[in-house]
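Student: Below is a structure I'd like to ask you about.
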Amino acid sequence: METHDAAVFKRHIRQYIGVFVALLVATVLTVAVSYVHFGAEDSHVGNVTVAMIIATVKAALVAGFFMHLVAEKRSIYTMLATTGVFFVALIALTVFAFYDSPGSHDALKGGRVATEAVAHGH
Amino acid sequence: MDIPYTVQPREDTGLFNAKVGIWLFLASEVMLFGALFSSYILLRIGSPDWLYGEAKHLNIPIGTFNTAVLITSSITMVMAWASLKLRQFDKYKLYLGLTVLLGLVFMVVKGFEYRDKFQHGLLPATHTFYAIYFTLTGLHALHVLGGMAVNAYLWGPGSKMWRTEPERLTNRVEVSGLFWHFVDLVWIFLFPVLYLL
């Protein structure tokens with residue numbers, strides 16, 4: 001007779017296959033929507049938003065099911081929540097810093113020009 | 001002396017120690033890739049001539065293929081762990097072997113992509129886009145290599161543990177799997193960010 005554990009794992013395996021199919025479909029969808037332009041004509045914001053939404057859903061499926069985060073211990077959730085706060089702060093701080101200083105645009109352009117100069121042997 | 005909590009969960013965390021360890025490591029990895037993603041954002045919004053679409057000379061079908069390869073390797077990885085839980089050692093060997101092979105396929109395809117870029121003179125110094133492209137994909141490829149090395153060990157010599165400490169081997173495979181899935185997860189973001197947007 002099949003044990004309770006074996007039955008549970010067989011149900012999990014069906015879930016894994018479902019997630020796998022969903023990930024493949026989402027990959028095709030990501031590529032397909034990249035050929036459509038979203039939002040204002042001269043802006044990429046719409047496309048970036050759509051692509052990031054699909055990628056986040058895919059990442060949530062991988063983390064939730066393959067990495068078992070849908071049913072994990074509290075200590076791991078605490079650890080990840082802390083990481084999430086620092087991750088958001090890291091991204092936000094760099095972006096805020098960029099828009100904070102009017103000179104930073106010129107500094108970046110200068111860096112790029114210097115890089116091109118090196119590439120062209122000047 | 002035996003290493004404590006390799007199988008039994010600790011009372012305070014409710015987990016075996018290696019699982020706490022790998023999640024802490026993955027948390028540091030989130031910050032590592034986070035720093036590089038924020039660099040990407042900064043470089044992109046600060047560049048007056050960022051490369052879009054065909055100007056990048058990146059092959060989208062090949063990138064899509066490699067994405068599918070990594071996703072497939074994630075399910076074979078989780079199936080390897082589930083096979084050990086179901087006491088099916090032969091299936092474990094099959095699935096983990098496939099995971100390592102799929103990692104190899106990913107690396108070979110990436111190698112061809114790199115060679116193509118170099119042959120066309122597209123180097124990190126060519127453009128800011130290629131600088132961040134090679135940094136992000138190179139660091140990711142190193143992670144794939146690291147994961148392949150651990151999985152190859154668990155498939156080969158490391159699998160002997162099945163005869164003496166099956167629960168401990170199962171936990172090792174789970175921990176290795178968590179790392180492997182994380183590498184897949186990073187690629188899920190890298191693919192659209194570098195190839196499509």
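Student: Only residues in segment B:127-151 that are on the phi < 0 side of the Ramachandran plot count as the first member; pair them with residues that are among the hydroxyl-bearing types (Ser, Thr, Tyr) and at pLDDT 95 or above, Cβ under 6 angstrom, at least 6 apart or cross-chain, and list the lot.
Tutor: If the second residue must be among the hydroxyl-bearing types (Ser, Thr, Tyr) and at pLDDT 95 or above, the pairs left are B:Val150/B:Ser176; B:Asn151/B:Thr99; B:Asn151/B:Ser176.
Student: Only one of these is within 14 Å of chain A (Cβ to nearest Cβ) and either touching a Lys or Arg at 6+ places or on another chain (Cβ under 9 Å) or part of a helix (DSSP H, G or I) (or both): B:Val144, B:Val173. Name it.
Tutor: When all the criteria are applied, what remains is B:Val173.
Student: Given (1) more than 26 Å from A:Val88 (Cα to Cα); (2) crowded, with 20+ Cβ neighbours inside 10 Å; (3) touching a residue at least 60 places away in the same chain (Cβ under 8 Å), where does B:Ala82 come up short, assuming only one miss?
Tutor: The failed condition is (3).
Student: Inside segment A:66-83, can you point out the residues that are more than 8 Å from chain B (Cβ to nearest Cβ), in a helix (DSSP H, G or I) and under 21 Å from B:Asp184 (Cα atoms)?
Tutor: A:Leu69, A:Val70, A:Ala71, A:Tyr77, A:Ala81
Student: Could you tell me which residue of segment B:176-196 is surrounded by the most Cβ atoms within 10 Å (Cβ to Cβ), considering only residues that are facing chain A (nearest Cβ under 7 Å) and touching a residue at least 12 places away in the same chain (Cβ under 8 Å)?
Tutor: Going through the qualifying residues, I end up with B:Asp184.
Student: Could you check, for segment B:85-107, whether at least one of its residues is in contact (Cβ under 8 Å) with a residue 60 or more places away in the chain, facing chain A (nearest Cβ under 10 Å) and assigned to a helix (DSSP H, G or I)?
Tutor: Yes, segment B:85-107 has at least one match.
Student: If I ask for residues that are outside any helix (DSSP H, G or I) and of a type in the set (A, V, I, L, M, F, W, C), which ones from segment B:26-67 would you list? Break it down into steps so the answer makes sense when it comes.
Tutor: Going through segment B:26-67, the residues outside any helix (DSSP H, G or I) turn out to be B:47-52, B:57-59.
Across segment B:26-67, the qualifying residues are B:Trp50, B:Leu51, B:Leu58.
Student: Something else: So, B:Ala18, is that one over 30 Å from B:Tyr130 (Cα atoms) and within 10 Å of chain A (Cβ to nearest Cβ) or not?
Tutor: Here the answer is no, as B:Ala18 does not meet what is asked.
The values are calculated or read from the model by the stated rules, or taken from the named source; none is laboratory data. From a predicted model like this one, the values you see are computed outputs, not experimental measurements. Counting neighbours? That spans all protein chains shown, and the Cβs are built from the backbone with ideal geometry, glycine included.
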